[in-house]
Amino acid sequence: MKKRSILGLMLVVVLVAGLFAGCSSTAKKTEDNANNDDKTFVVGLDDSFPPMGFRDDKNEIVGFDVDLAKEVGKRMGMEVVLQPINWDTKELELDSGNIDVIWNGLTITDERKQAMDFTAPYLENDQVIVVKKDSPIKTKADLAGKNVGVQKGSSAYDAFTADPISKEAAALNEYPENVSALSDLAIGRIDAVVVDSIVARYYITSENAEFVILNESLSPELYGVGIKKGNTELLTQVQDALDAMIADGTAATISTKWFGEDIIYKAN
């Protein structure tokens, strides 16, 4: 009886252990699937970054990059999920698996290449200085003693702080998104905004803003899609879809819709 009791107890322990192991395995599989769902394509973006990604008057997320991402998702046979993120913590969102890609006017830099992988460039851009039409600021040197606005965590911030003129500015004001910075410029809270050329030109046109762009730019740059470091399978899928869209003219059509012309970057 005693042996049977011990054997029975051991059997129960084995069964329970197996049950917990199975639960653990299932839980891990569920967790893995959450971060590697092959049916959804989660696009991380700043939803206040026109014309790349922003909310329209119906509060729907639209934009040039949004249209590109949706077409890529369609060609990969995946459902596109647009996920607004804090731009300042975009690398953490990508690394944690909360999003599959960062796709929203993301500048390719050597520093960012250390944190993520990139597709080939698909758009060319530069950082420009925007001021009011009646501003005394005519050149980059005139920013000395002035209050300058930039988006926090952006390539505009990197470009401005890397330039010697940043040491002469009265203050550098950081904003969660560009629209707030441009709004403050309009009401005179700041004297200038450093921002992506594409964003500045679209904003001035769409808002009929009384702004001008100085002739001097701070930094030429290229946009790419950011993908988690080492995820070569997804990188290949996205790149193949983009290449096909450029080859068949779909990317040019989307560009013309938002910019009035084909400005898709094509390497020489």
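Name the residue that is farthest from the chain's Cα centre (by Cα), counting only residues in the range 125-148 that are within 24 Å of F259 (Cβ to Cβ) and open to solvent by less than 20 Å² (accessible area, probe 1.4 Å). Per the stated criteria, the residue is V131. Taking residues in the range 164-176 that are without any contact (Cβ under 8 Å) to a residue 24 or more places away in the chain and within 11 Å of L143 (Cβ to Cβ), and partners anywhere that are open to solvent by less than 90 Å² (accessible area, probe 1.4 Å) and not in a strand (DSSP E or B), the pairs with Cβ atoms closer than 7 Å and at least 6 places apart or on different chains are S166/F160.
Of all residue pairs spaced 6 or more apart or on separate chains, those with beta-carbon atoms under 8 Å, a first member in the range 32-56 that is of a type in the set (K, R) and a second member that is at pLDDT 95 or above and open to solvent by 50 Å² or more (accessible area, probe 1.4 Å) are K39/E79.
Contact map, the range 244-267: first residue touching a residue at least 12 places away in the same chain (Cβ under 8 Å), second residue among the basic types (K, R), Cβ cut-off under 8 Å, separation 6 or more or different chains; pairs are A244/R75; M245/R75; I246/K266. Take the range 216-248 and flag every residue that is in a helix (DSSP H, G or I) and open to solvent by 80 Å² or more (accessible area, probe 1.4 Å). Within the range 216-248, T232, E233, D240, A247, D248 qualify.
Here are D110, D95: which of them is open to solvent by 10 Å² or more (accessible area, probe 1.4 Å), touching a Lys or Arg at 6+ places or on another chain (Cβ under 7 Å) and within 27 Å of A241 (Cβ to Cβ)? Give the steps one after another, and end with the answer.
Values: D110 fails: touching a Lys or Arg at 6+ places or on another chain (Cβ under 7 Å).
Going through D110, D95 in turn, just one is open to solvent by 10 Å² or more (accessible area, probe 1.4 Å), touching a Lys or Arg at 6+ places or on another chain (Cβ under 7 Å) and within 27 Å of A241 (Cβ to Cβ): D95.
Does the range 196-215 contain any residue that is among the hydrophobic types (A, V, I, L, M, F, W, C), open to solvent by less than 10 Å² (accessible area, probe 1.4 Å) and in a helix (DSSP H, G or I)? Scanning the range 196-215, I find at least one residue that is among the hydrophobic types (A, V, I, L, M, F, W, C), open to solvent by less than 10 Å² (accessible area, probe 1.4 Å) and in a helix (DSSP H, G or I), so the answer is yes.
Checked against (1) open to solvent by less than 20 Å² (accessible area, probe 1.4 Å); (2) touching a residue at least 40 places away in the same chain (Cβ under 8 Å), D67 passes all but condition (1).
Among the residues of this structure, G63 counts as one that is among the small types (G, A, S), within 13 Å of the chain's Cα centre (by Cα) and at pLDDT 95 or above.
The values are calculated or read from the model by the stated rules, or taken from the named source; none is laboratory data. The structure presented is a predicted model; accordingly, all values stated were derived computationally and were not measured. We place every Cβ from the backbone using ideal geometry, glycine too, and count neighbours over all the protein chains shown. These accessible areas exclude ligands, DNA and RNA; they are computed on the full protein's heavy atoms, side chains included. Shrake-Rupley method; radii C 1.70, N 1.55, O 1.52, S 1.80 Å.
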